[in-house]
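Notes to accompany the following structure.
The values are calculated or read from the model by the stated rules, or taken from the named source; none is laboratory data. Small disclaimer: the values here were computed from a predicted structure and weren't measured. As a convention, Cβ positions derive from the backbone with ideal geometry for all residues, glycine included, and neighbour counts pool all protein chains shown. Ligands, DNA and RNA are excluded from the accessible area calculation, which covers all protein heavy atoms including side chains. Shrake-Rupley method; radii C 1.70, N 1.55, O 1.52, S 1.80 Å.
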Amino acid sequence: MQSKNERLMEEAMRYIPGGVNSPVRAFGSIGSCPRFIKRGDKALIWDEEGKEYIDFVGSWGPMILGHNHPAVLEGVTEACKNGLSFGAATAVEIEMAKLVCELVPSIEMVRMVNSGTEAVMSAIRAARGYTRRDKIIKFTGCYHGHSDGLLVKAGSGVMTAGVPDSLGVPKGCTKDTLSAVYNDLDSVREHFMRCGEEIAAVIVEPVAANMGVVEPKPGFLEGLREICDEYGALLIFDEVITGFRLGVDGAQGYYGIRPDLTTFGKIIGAGMPVGAYGGRRDIMEVVAPLGGVYQAGTLSGNPVAMAAGLAQLTVLKENPQYYGELNQKSAVFFKQIQETVRGAGLPWRVNHVGSLGCLYFTGQEVFDYESAKTSDTKAFGNYCNYMINRGVYLAPAQFEAMFVSMAHTKEQLRQTLDVMEQYFSELKKGGMSL
Ligand SMILES: *Cc1c(COP(=O)(O)O)cnc(C)c1O
């Protein structure tokens, strides 16, 4: 007999391409049936069959406070009562912009949009408009949303599908996108030496979190800053994942690097569709209606979405100790995962930065896209299905991060480790095929 999740998937497939509104949700790379999620609370979620899971996806990052945080819930419900959208200026947008500028020192002005994709697309347009140059450099394995010019060697979604590029993207759209190797400054310098005066910007995930989790090597981000300054190019940090996660001032605070432009998404909307881009005032002033770079959005700065983001960022600002606690408990947790794997005599490796972590099924050190690709995705699939079947909801793809939230309790992390221990010891005994 079909389970309810299977029935729902069958029906969804009839009306929605692949049954889902974003590809990774289809569980394609682990070959099982997606769970249709009905509700969440703190670090737990429940599917349509009533089964409970400890959630390590957290809507891919936004739920850093856990699901259903009372402050966020109250902000949203109060905002709803006043109307959902006006397409006109509202006071809450000023509050939100002020708060972002206050929390992230490199941001002097910020524009709200509706997704991370839009934020990055717009930041790049602003960088090109400001520098009057066309080319950009991105890193292989970094994901910056699904806009045409950025679907070049773009990390998780495309990586697990084994499709390096996308159909439907005209060659003309990617001809100005240069690829470099993460953690390899020479690969960046080569581009600049060839055509430095044509390069508008370097865009980077300051911690790469769409090829698993790859930390920048010491000197890498600093080196990017120097090269950009030398050639008059802009440095864009895509902090859609790391923003308000590694600390309230994101990866730029964590590593002490000041980018020219920054993009946000995910946490900034607390689960509502919000993105933002911002940075130096003189650059942001090229954006319409002040300047000649056109960028607009009917629902941008939507009052309900702003209320959600504002409530979440306010809680984070008022409780700076939360980050210390989160990063500390996450470090212990990821180390314990590594010990569990070692204890079972397996060579696999855990990478982690703050509350982001990834278990790679490879014995090699992972520091860029090529080394990430050595991971055995079939072994990951078996592990991931085992975990989900036993109530630990992991991202259903190897090259995604595990997101620990402030709501995860020590007991829930212990329970998670217990399930992992069980899996790896069964695997070692040969009770399971790889
Ligand atoms: C998720 C993500 C995006 C795209 O954001 P969407 O809201 O999915 O459009 C861009 N950059 C990074 C680093 C991301 O992780």
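Go through segment 217-269 and give me each residue that's of a type outside the set (Asp, Glu), part of a loop (DSSP other than H, G, I, E, B) and under 22 Å from MET193 (Cβ atoms).
LYS217, GLY219, GLY232, ALA233
Give VAL72, VAL113, VAL92 a once-over and let me know the one that is under 16 Å from VAL304 (Cα atoms) and touching a Ser or Thr at 6+ places or on another chain (Cβ under 6 Å).
The unique qualifying residue is VAL113.
Filter segment 70-126 down to residues that are within 26 Å of ALA233 (Cβ to Cβ) and of a type in the set (S, T, N, Q) and give me whichever is surrounded by the most Cβ atoms within 10 Å (Cβ to Cβ).
So the residue we want is SER122.
Just a yes or no: is a residue in segment 268-279 more than 12 Å from the ligand (Cβ to nearest atom), within 15 Å of ASN114 (Cα to Cα) and at pLDDT 95 or above?
Yes, some residue in segment 268-279 is more than 12 Å from the ligand (Cβ to nearest atom), within 15 Å of ASN114 (Cα to Cα) and at pLDDT 95 or above.
Among GLU102, GLU95, GLU118, which is the only one that is at pLDDT 95 or above, closer than 14 Å to THR298 by Cβ and acidic (Asp, Glu)?
From the options GLU102, GLU95, GLU118, the qualifying one is GLU118.
Take PHE361 and decide whether it is touching an Asp or Glu at 6+ places or on another chain (Cβ under 9 Å), open to solvent by 30 Å² or more (accessible area, probe 1.4 Å) and not aliphatic (A, V, I, L, M).
No, not satisfied.
Each row is one residue, and each column tells you yes or no for (1) in contact (Cβ under 8 Å) with a residue 60 or more places away in the chain; (2) of a type in the set (Lys, Arg).
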residue: GLY324; (1), (2): no, no
residue: VAL350; (1), (2): no, no
residue: VAL353; (1), (2): yes, no
residue: THR362; (1), (2): no, no
residue: LYS378; (1), (2): no, yes
residue: LEU413; (1), (2): yes, no
residue: ASP418; (1), (2): no, no
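Considering only strands (runs of 3 or more DSSP E) fully contained in segment 43-128, which possess at least 3 residues that are farther than 27 Å from TYR143 by Cα?
44-47
Mind checking whether some residue in segment 377-397 is on the phi > 0 side of the Ramachandran plot and either in contact with a helix residue (DSSP H, G or I) (Cβ under 9 Å, 6 or more places away or on another chain) or modelled with pLDDT under 95 (or both)?
Yes - at least one qualifying residue is present in segment 377-397.
Which members of segment 228-256 meet the condition of being free of Cβ contacts under 8 Å to residues at least 60 places away in the same chain, more than 16 Å from the ligand (Cβ to nearest atom) and open to solvent by 10 Å² or more (accessible area, probe 1.4 Å)?
Correct list: ASP229, GLU230, TYR231, GLY256.
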